[in-house]
Amino acid sequence: MVTEDQVRKALNKVLVPGVMRSLVQMNLVRNIEVEDGKAKVTLASTAIPAQSQDWLKGKVATAVRELPEVKEATVDLVEAKPRELNQIQNIIAVMSGKGGVGKSLVASLLAISFAREGKEVGILDADITGASIPKMFGLNVHPSGSETGILPIVSRSGIEVMSMNLLLPSEDEAVIWRGPLMSKAVTQFWEEVLWGKLDYLVVDLPPGTGDAPLTVMQTFPLSGVIAVFTPQELTEMIVKKAVKMARKMDVRVLGVVENMSYLLLPETGEKLEVFGKSKGEEMAKASEAPLLGQLPIDPQLAKLCDEGEIERYSSDALSQIFTNVVKALNEGK
């Protein structure tokens, strides 16, 4: 006799049009009934364009009928809101006190590291006016969806991405909005995007302690935040502001990452501290959180970002940061 589990496994092979993740991964399977060789599947129609719904029902019916002992398969669609379907295990926000320190870079590299471990990962680009995530991943297509929700764009390595730049007519279009509008957009990315089932969602916050970071910390069930900085004299004051904001909002600080920490000279292997002496340990002490690691100035990384190929990057420094982030997350459970 065919079981519900067998039907679910068959549905895990049916991809959602426009996102290329399965119905099960997107958590669109609402109910499965199997009795006397008849199978009835109920799906949420959330974010599925009207012109794709009949096609999807046909694909599901065909996949189920291919199971042994299934003589008849019917498929029904029901409405549901994305926030009712999204199941995200861990949400990590990456923040900075000022712009230009590599916050988006760290967020992207962290998501890539989780994906390499076989985890289901998404990136929510909450930097509405300075979105850079799509550029680094080489994404330039518009998301699909319907009146009931938006489907994220999936990167080459399977990372779901949602960013304001994906919604604009062109990537260099300026978003000239006041704070409340930006906060609303961030909330929509959280509540109206169908993320489905994710192990990790990485949120790239805009710099500073304004409306958008405040919205994320008040609205999202964050597992923790990571503060990014560079080795400069202004760093301590800036990092302290970001960390104090997180603590005032009762959000756990997982640790700090120092970016552009040094330049590794290929001829000698010597570390040249271009922007001054590392302040990693000082910042860890000031923030009362661990130093998760230090990223060097790497011309190869800059080249890959410019080419939209950041997913190809790997380094020992990145591996160390990832190991420490996982450790910090596990210590909080």
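None of the figures in this text is laboratory data; all of them are computed from the coordinates on show. Treat the numbers as computed from the prediction; the structure is a model and nothing was measured. A quick note on method: Cβ atoms are made from the backbone with ideal geometry, for glycine too, and the neighbour counts reach across all protein chains shown.
Based on the alpha-carbon set only, what is the convex hull volume of the stretch 68-169 divided per residue, in Å³?
Working: hull volume 17.3 nm³, N = 102.
Expressed per residue, the convex hull around the Cα atoms of the stretch 68-169 is 169 Å³.
What Rg and what Dmax come out for the stretch 139-207 when only alpha-carbon atoms are used, in angstroms?
Looking at the stretch 139-207, its Cα Rg and Dmax stand at 12.5, 34 Å.
Nearest 0.05, what FRET efficiency do E33 and E117 give at R0 = 51 Å with Cβ-Cβ as r?
Once rounded, the FRET efficiency stands at 0.90.
For the charge dipole of the stretch 203-281, defined by +1 on Lys and Arg C-beta atoms and -1 on Asp and Glu C-beta atoms about the Cα centroid, which residue among I226, V216, T268 has the Cα displaced farthest towards the positive pole?
V216
In degrees between 0 and 90, to the nearest 10, how far off the longest principal axis of the chain does helix 235-248 point, with axes built from Cα atoms?
Helix 235-248 and the main axis of the chain meet at about 40 degrees.
Can you list which of the trypsin sites (Lys or Arg not before Pro) found in the stretch 232-284 are DSSP loop residues with at most 13 other C-beta atoms within 10 Å?
K277
Antiparallel DSSP bridges in the chain: what percent, to the nearest 5? Can you show the working numbers first?
Values: 13 of 49 bridges.
Close to 25 percent.
Rounded, prolate or oblate, given the Cα gyration tensor of the stretch 278-333, with a/c below 1.5 counting as rounded?
oblate
Averaged over all directions, how much area does the convex hull of the C-alpha atoms of the stretch 1-125 cover when projected, in nm²? Walk me through the numbers on the way to the answer.
Numbers: hull surface 38.2 nm².
Average of the hull's projected areas for the stretch 1-125 equals 9.6 nm².
With a cut-off of at most 14 other beta carbons within 10 Å, and DSSP calling the residue loop, which GluC sites (Glu not before Pro) in the stretch 225-333 qualify? Please list them.
Sparse-neighbourhood loop GluC sites (Glu not before Pro): E233, E267, E270, E273, E288, E307, E309.
If you project the alpha carbons of the chain onto their three principal axes, what span does each projection cover, largest first, in Å?
72, 44, 38 Å, listed from the longest principal axis down.
Just to check, using Stokes-Einstein with a Kirkwood Rh over alpha carbon pairs, what's the diffusion coefficient of the stretch 213-255 at 37 °C and 0.692 mPa s in µm²/s?
Estimated diffusion coefficient is 301 µm²/s.
If contacts are Cα pairs under 8 angstrom and at least 6 residues apart, what is the relative contact order of the stretch 230-306 in percent?
This gives 38 percent for the stretch 230-306.
Rounded if a/c is under 1.5, else prolate if a/b beats b/c, else oblate: with a ≥ b ≥ c from the C-alpha gyration tensor eigenvalues square-rooted, which is the stretch 176-224?
Details: a/c = 2.31, a/b = 1.47, b/c = 1.57.
It is oblate, given that a/c is not under 1.5 and a/b is not larger than b/c.
Within the stretch 65-165, list the trypsin sites (Lys or Arg not before Pro) lying in a DSSP loop whose Cβ has at most 16 other Cβ atoms in a 10 Å radius.
K71, K119, R156
State, as an integer percentage, the relative contact order of the stretch 84-331 based on alpha-carbon contacts under 8 Å between residues 6 or more apart.
Details: 498 pairs, mean separation 62.2, N = 248.
Worked out over the stretch 84-331, it gives 25 percent.
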